[in-house]
Amino acid sequence: MRTTPARTRIGYPFLVTSPDPQRYHVLTFGCQMNAHDSERITGMLEGRGMVAAADADDADVLVFNTCTIREKPDQKLYDQLKHAKGSKRRRKGAQVIAVGGCLVEAQKDNLLREFPWVDVAFGPGRIHDLGNYLELAEGEGAGVGHVPGHGEGFYGIGDERSFAAELPTQRERPHQAWVQISMGCNMKCAYCIVPAVRGREQSRSFTDIVSEVERLAADGVREVSLLGQNVNSYGNELPRDGSPRTFAELLRAVDAVDGIDRIRYTSPHPAHMRDDVIAAMAECDAVMPQLHLPLQAGSSRVLKAMRRTYSRERFVALAEKIRAAIPDISLSTDIIVGFPGETEAEFLETVEVCREVEFDGAYTFIYSPRTGTEAAGLVDDFIPNEEQHRRLSHLIDVVRGIATERHQRFVGTVQPVLVEDRSDSTVRQRQRLHGRTPHNVKVNFEGDARAGEIVPVDIVHANSESMLGRQLVATDLRS
Ligand code: SF4
């Protein structure tokens, strides 16, 4: 047993010299999975007695949770990392700079070399290791092998991964929670970096998920969003031993949890949208009449090139089947414009499908090549940037027009709106609030409700993005 005083890593005196709580700041890039991972990182840091710093420059531990789906977030991150270098220098090195997430896994060979002021890098499956690293920084043996300017990396997309869901969490809103049900993805979409950076799909234990939802309900959560890269293929690799394991069974089990009023999930793959899932959606009261179903492209040839495993006809038929089972459902989607080789006629097929399916909303993106993906090699077929932008702006106009029309069906109706404002005022007064309907449309309204209440709102106006309304009575619909 060692008897020398606890050592700290050279350059991190803050960990032992300050009597005040250490401060952290987490900057999040990218998708909802990342947002949820950041809640776990925040929860873990708070569990260690740290408090939030309002500004990145004031943080003792500065965490960047990165994304590499598109080029823009990469560039934004690099700019912020350069800024962090200055802030660390001003603090005479007394700041741990940690970088986690998908970009870290994709750039594991270069990141610490290009940004030597980064202390610790961890892939999305290695969030626990940020905690381990900080433990080491505080405890005995902390300095072993560490030289300032040579950060440590924790990577891996295999068995070394673990669910961040096992860590404590710091939710953005007390009444809403993300629940991770799987990680990774077994599909091979030609444009997507996820399988390379998050690994093969692994489902979390059914009972662990339901127990987490029960704990959340007991803690006052009313809405849960089940999260996975390919959420509706949940359970495929779980043992077939007769116990519940499918996504449809999971929806039903979460629906049965007392106190959970609203269930959503993202992102499903159209190829895995089986009849039992549609039936569970139609039959479970708490599963909201809203589905984000990524189309990506409307041309069967482009879909094949993207390796999406469904055709235009199959997607449209699926949308019809879902609408037949849940007539008023809102369908939103993701669309990539200007995939390599996409012709004008093929792009117009995407526009046609949008009109045919009548999406309530769409996230539209310009194709951007990601190193390590199949499509990044199709350089000869890349669509000129100007052309991509022209197609995108045409598509946005079409999508907005359809969404505006779709939302008119709510005008003149009374919608139960889950209030999202963060105000914790105990004084009831009429004020401008916002919240979401069961169909996941944002409503700005005048009322006197508190965050987390579900109140009746008379919808008076709607556009493509949101609606306006007036709260009818100041009562939570459950009370
Ligand atoms: S299903 Fe989604 S996460 Fe998986 S490879 Fe395709 S786009 Fe990526």
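Quick notes
- Filtered by the rule that a residue be in contact (Cβ under 8 Å) with a residue 40 or more places away in the chain and under 14 Å from His25 (Cβ atoms), segment 46-58 gives a lone residue, Glu46.
- 2 or more residues in the same structural domain as Gly259 (by TED's automatic domain parsing), of a type in the set (A, V, I, L, M) and at pLDDT below 95: qualifying strands (runs of 3 or more DSSP E) within segment 410-479: none
- Pick from segment 250-281, criterion within 24 Å of His175 (Cα to Cα) and among the charged types (D, E, K, R), ranking: nearest to the ligand (Cβ to nearest atom): Arg264
- Yes/no for Ala403 being small (Gly, Ala, Ser), touching a strand residue (DSSP E or B) at 6+ places or on another chain (Cβ under 8 Å) and surrounded by 14 or more Cβ atoms within 10 Å (Cβ to Cβ): yes
- Test: residue in segment 38-57 that is modelled with pLDDT under 90, touching a helix residue (DSSP H, G or I) at 6+ places or on another chain (Cβ under 6 Å) and of a type in the set (Gly, Ala, Ser): no
- Filter result for Pro340 (farther than 30 Å from Ile454 by Cα and surrounded by 13 or more Cβ atoms within 10 Å (Cβ to Cβ)): yes
- Answer residue from segment 200-218, given it is of a type in the set (D, E, K, R) and without any contact (Cβ under 8 Å) to a residue 40 or more places away in the chain and is farthest from the ligand (Cβ to nearest atom) among those: Arg215
- For segment 188-199, the candidate set comprises residues that are in contact with a Ser or Thr (Cβ under 7 Å, 6 or more places away or on another chain) and modelled with pLDDT under 95; within that set, the residue that is nearest to the ligand (Cβ to nearest atom) is Cys192.
- So Leu331, is it without any contact (Cβ under 8 Å) to a residue 60 or more places away in the chain, touching a His at 6+ places or on another chain (Cβ under 9 Å) and of a type outside the set (S, T, N, Q): yes
- Residue in segment 241-260 that is in contact with a Lys or Arg (Cβ under 8 Å, 6 or more places away or on another chain), modelled with pLDDT of 95 or more and closer than 24 Å to Val417 by Cβ present: yes
- Condition met for Phe339 (in contact with a Lys or Arg (Cβ under 9 Å, 6 or more places away or on another chain) and modelled with pLDDT of 95 or more): no
- Check on Leu295, within 16 Å of the ligand (Cβ to nearest atom), closer than 22 Å to Gly228 by Cβ and in contact (Cβ under 8 Å) with a residue 24 or more places away in the chain: yes
- The set of residues in segment 338-359 being assigned to a loop (DSSP other than H, G, I, E, B) and either touching a His at 6+ places or on another chain (Cβ under 7 Å) or polar (S, T, N, Q) (or both) consists of Thr343 alone.
- Filter result for Ser182 (in contact with a Ser or Thr (Cβ under 8 Å, 6 or more places away or on another chain) and more than 16 Å from the ligand (Cβ to nearest atom)): no
- Candidates Val231, Val221: the one that is more than 16 Å from the ligand (Cβ to nearest atom), crowded, with 19+ Cβ neighbours inside 10 Å and closer than 28 Å to Gly452 by Cβ is Val221.
- Candidate set: segment 85-128, residues that are in a loop (DSSP other than H, G, I, E, B) and in contact with a helix residue (DSSP H, G or I) (Cβ under 7 Å, 6 or more places away or on another chain); chosen: the one modelled with the lowest pLDDT: Ala94
- Residue within segment 164-179 that is in a helix (DSSP H, G or I), of a type outside the set (A, V, I, L, M, F, W, C) and either within 16 Å of the ligand (Cβ to nearest atom) or surrounded by fewer than 20 Cβ atoms within 10 Å (Cβ to Cβ) (or both) present: yes
The values are calculated or read from the model by the stated rules, or taken from the named source; none is laboratory data. If you're wondering where the values come from, they're calculated on a predicted model, not measured in any experiment. Cβ: placed from backbone, ideal geometry, glycine included. Neighbour counts: every protein chain shown.
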